[in-house]
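> I am attaching a structure below and will ask some questions about it afterwards.
The values are calculated or read from the model by the stated rules, or taken from the named source; none is laboratory data. Not measured: the values here are computed from a predicted model. Cβ placement follows ideal geometry from the backbone for every residue including glycine, while neighbour counts extend to all protein chains displayed.
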Amino acid sequence: MTPDSQPSGDHAFELNAGRLCLDFTNTVRGRPLSDKIELINNYLDLLAWSRQATILTPGETEALAEMARQHPRMAADALAQALSLREALYALFSARAAGLPAPAADLHTINKAIGMAMARAGLTLSARGGFEWSWPDVPLGLDRVHWWVARSAAEVLTSGDLTGVRECAGYDCGRLFVDGTKNRSRRWCDMASCGNRAKGRRHYERRKSARG
């Protein structure tokens, strides 16, 4: 195990970004740091995140896990595609949050993933009696997970949500989230963690300065 990874398995992911695609970008912790922590180290980790995010049913998860065991190279390719999409999404949303232009190469990666996902998309009945996007006529495949992420990204990028995308102000965080406050003043991914650490640092610096 490398220093920049966590053990694979049934660990819990934090899903508090407000949108699925942003939650996916947050599966790397401490992005600004050289020793950032990767939470998705293999295909089973990707499935664990997908189950927690409720984009796969238990039956679909089990079927994909078995498919990955039978076809490890295909699973590795699907994982690589998902992580490539994740990094492109992070780069694009981080740039937008900073008021910078969208990186062309990353936008190309995202467009390619969106095109693959939506070319196969269709409508299915939802549990509430309405309709929802899905892939009703496409066999379950190892790349199904990042189709959901790509669709979520397309929705955010073409909606008013885009103006509310923020990157946590914590120097050691880098998580993205949608700021839903009325005056768009949210700075932290989580006030209980990054916000309190920042307050603690400011308090320490004030006391240090006062002691002179």
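> Take the residues in region 70-129 that are modelled with pLDDT of 95 or more, of a type in the set (S, T, N, Q) and farther than 23 Å from GLY30 by Cα; name whichever of them is surrounded by the most Cβ atoms within 10 Å (Cβ to Cβ).
THR109
> Hey, among ALA154, ALA117, which residue is within 17 Å of ALA82 (Cβ to Cβ), part of a helix (DSSP H, G or I) and under 14 Å from the mean Cα position of the chain (by Cα)? Give the derivation first.
Numbers: ALA117 fails: under 14 Å from the mean Cα position of the chain (by Cα).
Selected residue: ALA154, the only one of ALA154, ALA117 that is within 17 Å of ALA82 (Cβ to Cβ), part of a helix (DSSP H, G or I) and under 14 Å from the mean Cα position of the chain (by Cα).
> State all residues of region 152-186 that are over 17 Å from LEU89 (Cα atoms) and of a type in the set (Lys, Arg); if no residue qualifies, say none.
Passing the criteria: LYS182, ARG184, ARG186.
> Just wondering, is there one or more residues in region 41-59 that are part of a helix (DSSP H, G or I), over 16 Å from the mean Cα position of the chain (by Cα) and of a type in the set (Gly, Ala, Ser)?
Yes, there is a match, as at least one residue in region 41-59 is part of a helix (DSSP H, G or I), over 16 Å from the mean Cα position of the chain (by Cα) and of a type in the set (Gly, Ala, Ser).
> Can you give me the number of residues within region 47-60 that are surrounded by fewer than 16 Cβ atoms within 10 Å (Cβ to Cβ) and either of a type in the set (Ser, Thr, Tyr) or touching a Cys at 6+ places or on another chain (Cβ under 8 Å) (or both)?
Adding up the residues that qualify gives 2.
> Do the conditions hold for LEU176, that is, is it modelled with pLDDT of 95 or more, surrounded by 13 or more Cβ atoms within 10 Å (Cβ to Cβ) and at negative phi? Talk me through it step by step, then tell me what you get.
Details: modelled with pLDDT of 95 or more: yes; surrounded by 13 or more Cβ atoms within 10 Å (Cβ to Cβ): yes; at negative phi: yes.
Criteria met by LEU176.
> Within region 130-171, track down each residue that is in contact with a Leu (Cβ under 8 Å, 6 or more places away or on another chain), more than 20 Å from PHE24 (Cα to Cα) and not aromatic (Phe, Trp, Tyr).
Within region 130-171, GLU132, PRO136, LEU140 meet the criteria.
> What are the pairs with Cβ atoms under 8 angstrom where one residue, in region 148-165, is in contact (Cβ under 8 Å) with a residue 60 or more places away in the chain and surrounded by 14 or more Cβ atoms within 10 Å (Cβ to Cβ) and the other, located anywhere, is assigned to a helix (DSSP H, G or I) and of a type in the set (Gly, Ala, Ser)? Sequence gap at least six, or different chains.
TRP148/SER50; TRP148/ALA117; VAL149/ALA82; VAL149/ALA113; ALA150/ALA113; ALA150/ALA117; ALA153/ALA113; VAL165/ALA97
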